[in-house]
Amino acid sequence: MTSAYIPIDSRRSPLGGHASATERAGRSLPFADERHLLAHQWVVDEAYLLDQQDYESWLDLLTEDIHYYMPIKVTTALGAGFDTAPGMAHFDENKYSLSRRVARFATEHAWTEDPPSRLRHFVTNIRTFATDDADELVVDSAVLLFRSRGDVREHALISAGREDLLRRTDDGWLLARRHIAIDESVIRMQNLAIFL
Amino acid sequence: MSELELTLDDVRRGMIPAHIYNDREIFELEKERLFGRSWQFVAHESEVPQSGDYVVRRVLEDSFIISRDDQGEVRAMFNMCLHRGMQVCRAEMGNATHFRCPYHGWSYRNDGRLVGLPFHREAYGGEAGFSRKGQTLLPSPSLGTYNGMIFISLDPEAPPLDEFLGDFAFYLDYYTKQSPSGIELRGPQRWRIKANWKIGAENFAGDMYHTPQTHMSVVEIGLFREPKAERRKDGSTYWAGKGGGTTYKLPEGTFEERLRYVGYPDAMIDRMRATWSADQCAVVGDSGFMISAASLFPNLSFVHNWPRVEDSDDVLPFISIRSWQPISENETEVVSWFAVDKEAPEDFKAKSYKAYLMCFGSTGMFEQDDVENWVSLTSTAAGSMARRLRLNSRMGMLADGSAVVEPLSGDEFAGPGVAHVGYGEYNQRHLLDEWANHLERPVTKSAGVEFGATKVEVGS
């Protein structure tokens, strides 16, 4: 059986050396499993924070060693063995660079989000996997972001799959790694002054 | 005078009819008279390092395969099967010895030669009916390279690339030849913005005036060290050959000290010293200017900047190359690469890449605010009021056309072309003058291309 699916790997990023290498173990957890229920609630609560652009609260949900990574999708022949542009990404972030992005939105001069976009993150297809570490879970989800700006422009959409690594800490469950598989090779949105 | 002549006249006076940023008829003319014959950057040789490597790039609606053949030569071939016009390559990048058309199975070597034609004998009567020998995918009418940058032109009569670049090549070296090995490109990021393609090209060519306002936020968060971005007015703009750009004025110091100031490590500075001409070094070391953004006519831009990428006082320089690919009169595909010197230390490459991502490209914090402005401008330019309004693009000129500040002398600015200190729209005017020169000149129809058929003398 061949598959068109090629997983994203932090180690293929020049900036991903610090990222956790924890992988999923086994099949997805039953939907009634408590770990799945908590992960499901975590990603839904996070989606509301992102819709509301409450980025300071969102930043508190990220671990210090987070790797927030969205490689560039490229169209390649089936069997080419890769479907992202080597050594390049849209987002390839650590906590510091994410904190600068959030700080910028908090200034009065981030024109691209003033007036703010109307955002809706539709998050679905959530499944959770245990890992070899009882304090870490891998969570898959699909996200469709609707973004509307002003009154004359058409809205823009981004569709992506996400693979998250959630980690239990003294501050609760935090996001330690996010791999974003964007579904377009050419993004149809004026910029990515948003988070997925 | 025709309406077009009046429009071009206004543009040449530095009074821009606002509708040129969103006008279907103007765009049709641009396609034919400008993009039909200008040099277009499509790829860098570092993107196809091995035999068989290819990338597929567009020039407006035309798709080209840029491949390195088995002899190591780089080719640009029109991505259309000679038989029924199907794309022979539907991936964006990869490695292949052949491209086989999925429709009827015609296949081509990675140098473009037609090598496979199913049922050649049965269907065509062999060579007698269809001469397969010597047939290739249509090569790009013109192809040229400079520092590994691959340019193509749809015009077979295009002037040689070197001649076209002229003195802009002097400045191109700062971005693309910091060592004998030159640059490597990564990416590109591609995204579509509802903005006319000219706006970005003009902005990168010479708009130092927007930096303190548009990019106030990146200074406030400490991403950009130059205080309040006000330093821009101490910088200079230059125009040379078919391009121009902006610079920052550097603090006092030697060539080495000034390059250290923007974050280059000593090993890279030594290579720049050895690679650049005396005049190229003098722009930095004696004149004290560091290149920033630039545009090469019509739609290729460059940026060099040096932000903070960590919680420290250190800055890290990065380079981006981008093409503003027109989709329509009100939509542009931005094709943006990160570029870095091949000989740079790996640690520098990683941090420079980080600097690029934080500042420019699809997620860049500078670029986000630029695009917001350009989208707004474009949508406003569609209406009938925009047909009345002439945008004043005369900064740097008094009413009688004389200069607000005199050009820098050779002692003050060691580079070729004409340079001025401070804010001015000299380069935007140069760019649009070139644009007007192209738009007023009709094209001669290209001859059709036939292949395979042997001419039959009728009646013989």
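So the values come out like this:
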read-out	value
Residue list for region B:11-38, filter: within 15 Å of B:Asn437 (Cα to Cα) and assigned to a loop (DSSP other than H, G, I, E, B)	B:Arg13, B:Gly14, B:Gly36, B:Arg37, B:Ser38
Qualifying position, being over 20 Å from B:Val334 (Cβ atoms) and at pLDDT 95 or above, among B:Gly222, B:Gly241, B:Gly235, B:Gly129	B:Gly241
Residue in region B:426-439 that is small (Gly, Ala, Ser) and in a helix (DSSP H, G or I) present	yes
Checklist (1) away from chain A (no Cβ under 14 Å); (2) over 32 Å from the mean Cα position of the chain (by Cα); (3) part of a loop (DSSP other than H, G, I, E, B) applied to B:Met86, failing item	(2)
Single unsatisfied condition, A:Phe195 versus (1) away from chain B (no Cβ under 14 Å); (2) within 23 Å of A:Ala19 (Cβ to Cβ); (3) not acidic (Asp, Glu)	(1)
Failed condition for B:Ala350, given (1) in a loop (DSSP other than H, G, I, E, B); (2) within 29 Å of B:Thr176 (Cβ to Cβ)	(1)
Among (1) facing chain B (nearest Cβ under 8 Å); (2) polar (S, T, N, Q); (3) crowded, with 17+ Cβ neighbours inside 10 Å, the one test that A:Ser117 misses	(1)
Complete set of residues in region B:382-412 that are in contact with a Phe, Trp or Tyr (Cβ under 7 Å, 6 or more places away or on another chain) and either surrounded by fewer than 19 Cβ atoms within 10 Å (Cβ to Cβ) or at pLDDT 95 or above (or both)	B:Met395
Search result, residues across region B:312-329 that are touching a Phe, Trp or Tyr at 6+ places or on another chain (Cβ under 8 Å) and not in a strand (DSSP E or B)	B:Val315, B:Leu316, B:Pro317, B:Glu329
Enumeration of residues in region A:10-26 that are without any contact (Cβ under 8 Å) to a residue 60 or more places away in the chain and charged (D, E, K, R)	A:Arg11
Residue list for region B:337-354, restricted to those being more than 10 Å from every other protein chain (Cβ to nearest Cβ) and small (Gly, Ala, Ser)	B:Ala339, B:Ala344
Criterion (away from chain A (no Cβ under 14 Å), crowded, with 20+ Cβ neighbours inside 10 Å and more than 19 Å from B:Thr247 (Cα to Cα)) met by exactly one of B:Ile183, B:Ile152, B:Ile193, B:Ile221	B:Ile152
Pairs where the first residue, in region B:122-147, is on the phi > 0 side of the Ramachandran plot and the second is hydroxyl-bearing (Ser, Thr, Tyr), C-beta under 8 Å, 6+ apart	B:Asn147/B:Thr176
Residue among B:Thr378, B:Thr363 that alone is outside any helix (DSSP H, G or I), within 13 Å of chain A (Cβ to nearest Cβ) and closer than 30 Å to A:Ala156 by Cα	B:Thr363
Conditions (1) in a helix (DSSP H, G or I); (2) in contact with a strand residue (DSSP E or B) (Cβ under 6 Å, 6 or more places away or on another chain); number of the one not met by B:Val56	(1)
A:His40 vs. criteria touching a Leu at 6+ places or on another chain (Cβ under 9 Å), more than 29 Å from A:Val74 (Cα to Cα) and either at pLDDT 95 or above or in a loop (DSSP other than H, G, I, E, B) (or both)	no
Positions within region A:79-98 being more than 9 Å from chain B (Cβ to nearest Cβ) and farther than 23 Å from A:Thr22 by Cα, in sequence order	A:Gly79
Identity of the residue in region B:346-373, crowded, with 24+ Cβ neighbours inside 10 Å and out of contact with any strand residue (DSSP E or B) (no Cβ under 7 Å at 6 or more places or on another chain), that ends up farthest from B:Ala205 (Cα to Cα)	B:Met358
Yes/no for B:Arg258 being over 15 Å from B:Gly415 (Cα atoms), assigned by TED's automatic domain parsing to the domain that holds B:Gln325, charged (D, E, K, R) and free of Cβ contacts under 8 Å to residues at least 40 places away in the same chain	yes
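One line per residue, one yes/no per condition, for (1) closer than 30 Å to A:Gly26 by Cα; (2) in contact with a helix residue (DSSP H, G or I) (Cβ under 9 Å, 6 or more places away or on another chain):
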| position | (1), (2) |
| --- | --- |
| A:Ala80 | yes, no |
| A:Arg101 | no, yes |
| A:Arg104 | no, yes |
| A:His121 | yes, yes |
| A:Ser148 | no, no |
| A:Gly161 | yes, no |
| A:Leu175 | yes, yes |
| A:Val186 | no, no |
| A:Met189 | no, no |
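The values are calculated or read from the model by the stated rules, or taken from the named source; none is laboratory data. None of the values given here were measured: they were computed from a predicted structure. Cβ coordinates were reconstructed from backbone atoms using ideal geometry, including for glycine residues, and neighbour counts include every protein chain displayed.
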